[in-house]
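The values are calculated or read from the model by the stated rules, or taken from the named source; none is laboratory data. In this text the structure is predicted, and so the values were computed from the model without any measurement. Every residue, glycine as well, gets a Cβ built from its backbone with ideal geometry; the counts of neighbours run over all protein chains shown. For accessibility, only protein heavy atoms count, side chains too; no ligands or nucleic acids. Shrake-Rupley method; radii C 1.70, N 1.55, O 1.52, S 1.80 Å.
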Amino acid sequence: MIKKLVLVFIAIIAMQSYGQEGTASPYSFYGIGSLKFKGTVENRSMGGLSIYTDSIHVNLRNPASYAGKNLDILNNESRPVKFTVGGTYNSTTLKSDTSKDNASSSTFDYIAMSIPMGDFGFGFGVMPYTAVGYKLEAYNDDGETISNRFRGEGGLNKAFLGFGYQVTEGLSVGVDFQYNFGNTQNSIIEYVYDSEGNPVQYQVRENNRSDLSGLNINLGASYRTMLTEKLELISGITYTPESNLASKNQRSFSTITTIASGSEFALNTIESDLGDLTETELVLPSKLTFGVGIGQPRKWFVGVESEYLKTSDFTNALYSNGATYEDQSAIKLGGFFIPKYNSFSSYLQRVVYRAGIHFENTGLNIENESINEFGMSFGLGLPVGSFFSNANLGVEVGKRGTTNSNLIQENFVNFQLSLSLNDRWFSKRKFD
């Protein structure tokens, strides 16, 4: 049954994601796209909180969680192999001082597995790192005729292999080795008009493509201890050093005409020589995350977490798009509640109820306006099958950006779905 659920889930998300960008945000125009949340639906439903680890959920943000002895749920039973897969549907209202529009996108967010091996454990998977997806138009002073049209798609993905080790009963450490890969594509059309104000039949479109790749690591540690008989302290820290991305760049110019359906048809294309910019290096900023929380094992948990990225170090020599970068920061508060995790009489008492909030400075500064984000999230962990497997539903509402200085405010609603599945692979079978 669980295998069928996984196949159906992947098929649905794949069909929804095919041919669509991973974001509909106009702010993905800048840099290498909008940063994606690199965690599970369970994390995201708690405001993005990632310090909590247990024996039945994969934690994609802290490699120390791969260590073998996270026994808060199974209570000294053999530890399971953990598998998780997740996706998101996003609906956004884009608002400026003068107009409003709607956009949506659906994405396949991650697929990962964690396998315990005594005091050791390892995990692997793939997830998006950034996403590009925008269609923008700029108008002339008359407010009626288009001066420029911008389109972009693509993004950066991350494949990872991580290892964790249980140092002591409460302390575990880990490291992720990550390979970043992907591409970004964008086009710009500068419209030309005749003396009567009509667009000429043929326009020129600039096409850009950057193929990106690079390696980096993520270091993590997790510590938990019982403060009293029922109260537990959990803390965590991760650090990702600065790394470089190799960017192989192409630029071409196409003569285009627009057919009746509105599609652009390229009549001819000329490749451009970028010289020293054919191959460049981009900086992925360093990131530090730490947090702490308290709770009662198998009952409730609440925590707070801070995150800092040195996005002021980001550079992109190929594109100058009018944005500056400042250091990114975020504060997250969230937790969960389980009425009775092992109830046999009531399904609802075994459901995990999650909630959280987050405040973030995204690191983008446009027209001297910092682009900030605020969001509230809620979620449910629904038991399915056996061995504490669960389906996770989440919803997040919030806003990003501002209408000041002719900018755009995004009011978004994200719907998330994931499966977190567990199975025993290494248990010794016993016979009477």
**Fill in**
Here the residues within segment 238-248 that are more than 19 Å from the chain's Cα centre (by Cα) and open to solvent by 10 Å² or more (accessible area, probe 1.4 Å) are ASN244, ALA246, LYS248
**Prompt:** Can you tell me which residues in segment 62-81 are surrounded by 24 or more Cβ atoms within 10 Å (Cβ to Cβ) and either part of a loop (DSSP other than H, G, I, E, B) or at pLDDT below 90 (or both)?
**Reply:** ASN62, ALA67, ASN70, ARG79
**Prompt:** Any idea which of ASP109, ASP97, ASP101 is assigned to a strand (DSSP E or B), of a type in the set (D, E, K, R) and open to solvent by 40 Å² or more (accessible area, probe 1.4 Å)?
**Reply:** ASP101
**Asked** Considering only segment 336-388, how many residues are closer than 25 Å to GLU305 by Cβ and small (Gly, Ala, Ser)?
**Response** 8
**Prompt:** Are any residues in segment 407-432 more than 29 Å from ASN59 (Cα to Cα) and either modelled with pLDDT of 85 or more or open to solvent by less than 20 Å² (accessible area, probe 1.4 Å) (or both), and if so, which ones?
**Reply:** LEU407, ILE408, GLN409
**Request:** Mind listing just one residue for me: the one in segment 176-231 that is surrounded by 19 or more Cβ atoms within 10 Å (Cβ to Cβ) and hydrophobic (A, V, I, L, M, F, W, C) and, of those, farthest from SER252 (Cα to Cα)?
**Result:** ALA221
**Request:** Go through segment 343-358 and count every residue that is open to solvent by 20 Å² or more (accessible area, probe 1.4 Å) and without any contact (Cβ under 8 Å) to a residue 12 or more places away in the chain.
**Result:** 5
**Item:** Residue, modelled with the lowest pLDDT, within segment 25-44, restricted to residues that are open to solvent by less than 20 Å² (accessible area, probe 1.4 Å) and under 15 Å from TYR89 (Cβ atoms)
**Value:** SER25
**Request:** Give the residue, chosen from GLY133, GLY123, that is surrounded by 15 or more Cβ atoms within 10 Å (Cβ to Cβ), among the small types (Gly, Ala, Ser), touching a residue at least 24 places away in the same chain (Cβ under 8 Å) and within 17 Å of ASN218 (Cβ to Cβ).
**Result:** GLY123
**Fill in**
Restricted to segment 325-364 and to residues being among the β-branched types (Val, Ile, Thr) and not in a loop (DSSP other than H, G, I, E, B), the residue nearest to VAL384 (Cα to Cα) is VAL352
**Message:** If I go through segment 384-399 residue by residue, how many of them are open to solvent by 70 Å² or more (accessible area, probe 1.4 Å) and modelled with pLDDT of 85 or more?
**Reply:** 2
**Message:** Among the residues that make up segment 157-176, is at least one of them part of a strand (DSSP E or B), touching a helix residue (DSSP H, G or I) at 6+ places or on another chain (Cβ under 8 Å) and either of a type in the set (Asp, Glu) or closer than 30 Å to SER263 by Cβ (or both)?
**Reply:** yes
**Request:** Return only the number of the condition from (1) in contact with a strand residue (DSSP E or B) (Cβ under 6 Å, 6 or more places away or on another chain); (2) touching a residue at least 12 places away in the same chain (Cβ under 8 Å); (3) of a type outside the set (Lys, Arg); (4) more than 26 Å from PHE37 (Cα to Cα) that ASN140 does not satisfy.
**Result:** (2)
**Message:** Against the definition (within 30 Å of SER254 (Cα to Cα) and touching a residue at least 12 places away in the same chain (Cβ under 8 Å)), how does THR269 come out, yes or no?
**Reply:** yes
**Request:** Considering (1) of a type in the set (A, V, I, L, M); (2) without any contact (Cβ under 8 Å) to a residue 40 or more places away in the chain; (3) farther than 30 Å from ALA355 by Cβ, say which one VAL302 fails and leave the rest.
**Result:** (3)
